[in-house]
Structures are given as structure tokens and as C-alpha cells.
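**Q** Take a look at this one; I'll ask things after.
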Amino acid sequence: MTLSAFDLFSIGIGPSSSHTVGPMRASRMFVGELRASTGLAGVRRLSVRLLGSLGATGPGHGTPGAVLAGLEGRRPESVDPALVAAKAAGTGGVLLGGETPLSADAVIIDLCPGERHPRHPNALEYTAYGADGEARLACTYYSVGGGFVERDGEVGRPVLPVPLGFRTASELLAHCRGHDIPISEVMWRNECARRAPREVRDGLLAIWAAMSRSIERGFHTSGVLPGGLRTRRRAPVLFERLSSRGAEAAHSTEWLAAAAMAVNEENAAGGRVVTAPTNGAAGIVPAVLYWALRHLEPADHDDAVVRFLLCAAAIAVLFKEGASVSGAEVGCQGEVGSACAMAAGAVAETFAGTPAQVENAAEIGIEHNLGLTCDPIAGLVQIPCIERNAVAAVKAVTAARIALHGDGTHRVFLDDAIATMRQTGLDMHSKYKETSTGGLAVNVPDC
């Protein structure tokens, strides 16, 4: 197992981890390679080609602005969302790597939705040209979901030594049985092999703080989301109505929908959110954790947050290793389905579930999202994405409750469900995989 919780939960901006965060990181990677190979001073023109899903829904996902911001050296975790929006609108040129100015017409971004690279549907092809018109460097990168980026010609990630490595649920549960520890403790020991324990704990609490801020911003920001759909924010209304009911609604599952919609409305507006495991599914894990904390004493919150996020991350590792979290690769089952499983397992452990019950909860969470398509109307991460997060958050708690009423014994195992998700994604037509050429995207008017 090579992935860390800090790979899986990364702070960035909306509306998409694969179409906004990933392309920004890919641009930074290209600039780094260009600086190391030929330098930036002699660059006079840049070409960026967005293939497949990036070309199809990139404009609605903020991809061009993210590419340009990355070329300037901006980072998703710290960039001003307003700057990315300005870049997307074509405001000004680009300061390549923060040092070499290029005019707006010297950076050409081509949308190529009809071209699909065999390795992954989210491909970005960069070429830098000198004053003589000759190519100085050409590179291809793949935004593979959740903000992860891979370079063409590189296979896999370096294997990091961890004491309790795993790639499947069976291996994960074997560690739990062999050491008599919960799933979160397996992940904790692996994280502490890379970082000091205090750094791990503080980092996870910082992730929750970022998630919590996105919920609060969503609760208190009204208006209409950007884009042609004129989608109205609804989380503030839900928040006000639930708050007005006081103690009566304190533990209501309606808070799940309110919190999930708050995060995803922030995401749709290009605000700062945390991939969990993607931006399109960023509301589910925070909403379920927010709801769970309402049932716990404040003194227990920090410990609960750390355990919840570690358990959710362990489940996310299984999906990254066994299938995909990319909507462009396997449809929305890879995004919302994976997040639902992560939240279901984590909340089951929060309420004293055994590792077997946690695995059962995660399996229920993904099983009932199998086949879910990714068909955003107008290429915007709004409809059906926002409501889909709300429904999945409720479904995650339901899955956990079902599992906690059992003893962990069940017929379909999580590894089976993940394999099924992968096979279903391979069989799914590309028009249902984040291209906005099928499903709701073509059957519902976008204006």
C-alpha cells in the first residue's frame, strides 16, 4: 500500500479534482520539467491540448483557468479561487513559472473531446516552443481522479515502506485480526511510519478544519451558482430551517443532506474544499462526520475526527488500488459510490463497529451505487451532483446502521463489490463517464 490519507484528502478548489485540481498540478509539473530541461526564459509559445473528458466538460469544470494558474506556479491548496476564475475568463496573460511573461494569445488551449488516450480519458498534452518555432519540450500527463496526476512514460508510484501494507479488504481485515486493532489503527501505524505522530494528528485535524469551513461557508452563502443553469444555493435554507427547530432537530439525519449540499455548493462555486476522495463527491465524508460529531461529547471530537478520517482513508485505498475514483474512467460510482462506502465504514467504526461490521458497511455503501453514471448537465458539477451527495450521505449512515445491527457476516464482500465496480466501469459507455454526452446531460435542457 503506497497511499497516505494525505494523498486522499487534499485541500484544493472546486469544482473538480480531476478537471481543476489535477490540471493545475499537471501544469506545475510541466513548468518544473521545462525549467529543469531548457529553462523558461526562451519560451515564446505554449500549446495545451485537453483530451477526452477534459475536452468535453473542461470549460464547465474550470479546466482552462486551472491550467493557466498552474503554469504560473499556483498550487490548488493555496491559490485564490477568484484568480482561477479570472484566468478562465481570459483576463491577462501568463507569467510562466512566476518569471517569464507570455501574452494571452501565446498560450493556446485546445479542447479535443473526440480524442481519447488509451491510458486514461483525462489526458493533457503540453508543448513549449522557442523563438525559432521549434518545440523545446513536449509532455503528456493524466489526471486520474482525486487530484492525482501521472506522467506519460512513468508506471506506478514508488513503493513506500509501511508496517501494515494492504491492497484489498481481505488483507486489511487480516491485519485487524492479527493485531487485534481497528481499521483506523492500521492506517495510523502506516501514517506514523512516514510522519511523526503529532504531525499525523495535526494534519488530519487540519483537514477536518478545512472540511468544516466549507460546510460553514455553504451554510451561510446564498445566491446563484456560476454557469448557465442558474442553480440556486439551497443549503442556507436547510440550515436556517433545521436551526430554528432547536433541540428537536439536533440529531436529525436532515443535517446530512444540509451539510453535504453546503460543501458541494461551495465546490460548484469554485470554492475551497477537500477531495474526499474527489471534489465531485466532496460533501459525503464531511457531512457524515459532521453529523456523527453532533452525537458525541465535544471533548471526544478530536479523537473521533482522527479515527474517522483514517478509517475512511483506508477504505479509499481499496478503491484506488482495486478500481478507480475517476468519474471519467468508471462513472459516478467511482466518485459518489466510493465516498459513500468510505463514510459508511468510518461512521460504523465511530459508533463501535468491529472491523467486520465496518467492512460490511462499506460494502453496502458501494453495492447500492454500482452502475451510477456521471452525466452532469451542461458540464457543470451541479445537477445531479449536489443532490447526489446529499442522498449518498444519508445512504452511508443507513448502510452503517444495517451493518451495526449484524455481526459482520454477509454474502457479498467489499473486494467483490470493488471488482464489480471496476468491471462495470469498463463496460460503461463513454457518454456516461463525465463527457455530458449522455443521460441527464442530453435529456434535460441546460437553459
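**Q** Per DSSP H run of at least 4 residues, take -39500 (n - 2.57); add these up for the chain, divide by its residues and hand me the 222 nm value, nearest 500 deg cm²/dmol. Working shown, then result.
**A** Numbers: 18 runs with 218 residues, N = 447.
For the chain, the value works out to -15000 deg cm²/dmol.
**Q** Only bridges whose two residues both fall in the range 16-151 count here: according to DSSP, what percent of them are antiparallel, nearest 5?
**A** Given both bridge residues lie in the range 16-151, the antiparallel proportion sits at roughly 75 percent.
**Q** Run the reach check for Lys433 against lysines, Cα to Cα strictly under 22 Å, same-chain hits fewer than 8 apart removed. What comes back?
**A** Once the sequence-local lysines are set aside, what remains near Lys433 is Lys320.
**Q** What percent antiparallel are the DSSP beta bridges of the chain, to the nearest 5?
**A** Given both bridge residues lie in the chain, the antiparallel proportion sits at roughly 75 percent.
**Q** Show me 281-289, 206-214, 184-192 ranked by packing, highest mean number of other Cβ atoms within 10 Å first. Working shown, then result.
**A** Numbers: 281-289: 32.8, 206-214: 20.1, 184-192: 23.1.
Highest to lowest by the protection proxy: 281-289, 184-192, 206-214.
**Q** Assuming a ≥ b ≥ c are the square roots of the Cα gyration tensor eigenvalues, decide whether the range 251-362 counts as rounded (a/c under 1.5), prolate (otherwise, with a/b larger than b/c) or oblate. Write out the running numbers ahead of the final one.
**A** Working: a/c = 2.00, a/b = 1.17, b/c = 1.72.
Note, shape of the range 251-362 comes out oblate.
**Q** Quick one: angle between helix 197-220 and the longest Cα principal axis of the chain, in degrees between 0 and 90, rounded to 10, please.
**A** The angle comes out near 80 degrees.
**Q** Roughly what angle does helix 284-293 make with the longest principal axis of the chain, taking Cα atoms, 0 to 90 degrees, to the nearest 10?
**A** Here the helix axis deviates by roughly 40 degrees.
**Q** Next question, about the same structure. Cα centroid distance between the range 374-447 and the range 60-104, in Å?
**A** Taking the Cα centre of the range 60-104 as reference, the centre of the range 374-447 is 32 Å away.
**Q** Going by a ≥ b ≥ c, the root eigenvalues of the Cα gyration tensor, does the range 309-447 fall in the rounded group (a/c under 1.5), the prolate group (a/b larger than b/c) or the oblate group? Mind dumping the intermediate values first?
**A** Values: a/c = 2.52, a/b = 1.84, b/c = 1.37.
It comes out prolate by the Cα gyration axes.
**Q** Report, ordered by chain and residue number, the aspartates and glutamates lying within cross-link reach of Lys431, taken as a straight Cα distance under 20 Å and ignoring same-chain residues fewer than 8 apart.
**A** Glu115, Glu329, Glu335, Asp375, Asp446
**Q** Let me make sure I get this right: for the range 169-443, a, b and c are the square roots of the gyration tensor eigenvalues over alpha carbons, sorted descending. Under 1.5 in a/c it's rounded, otherwise prolate if a/b > b/c, else oblate. Which is it? Display every interim value, and only then the final one.
**A** Values: a/c = 1.68, a/b = 1.17, b/c = 1.44.
The shape class here is oblate.
**Q** Moving on. What are the ³J(HN,Hα) values, in whole Hz, obtained from phi via the Karplus relation 6.51 cos²θ - 1.76 cosθ + 1.60 with θ = phi - 60°, for each residue of the range 67-82 in sequence order, with x given for Gly and Pro?
**A** The phi angles translate into 4, 5, 5, x, 5, 7, x, 6, 10, x, 6, 10, 5, 6, x, 5 Hz.
**Q** Which of Arg388, Arg74, Arg198 ends up with the largest GNM mean-square fluctuation for the chain, with Cα atoms connected below 10 Å?
**A** Arg198
**Q** Which residue, Gly365, Gly345, Ala258, has the largest displacement toward the positive end of the dipole of the range 169-443 when charges sit on each Cβ (Lys, Arg +1; Asp, Glu -1)?
**A** Checking the options against the dipole of the range 169-443, the answer is Ala258.
Only the coordinates and a few stated rules stand behind these numbers; no lab work does. These figures come from a predicted structure and were not determined experimentally. Positions of Cβ are generated from backbone atoms using ideal geometry, with glycine treated the same way; all protein chains shown enter the neighbour counts.
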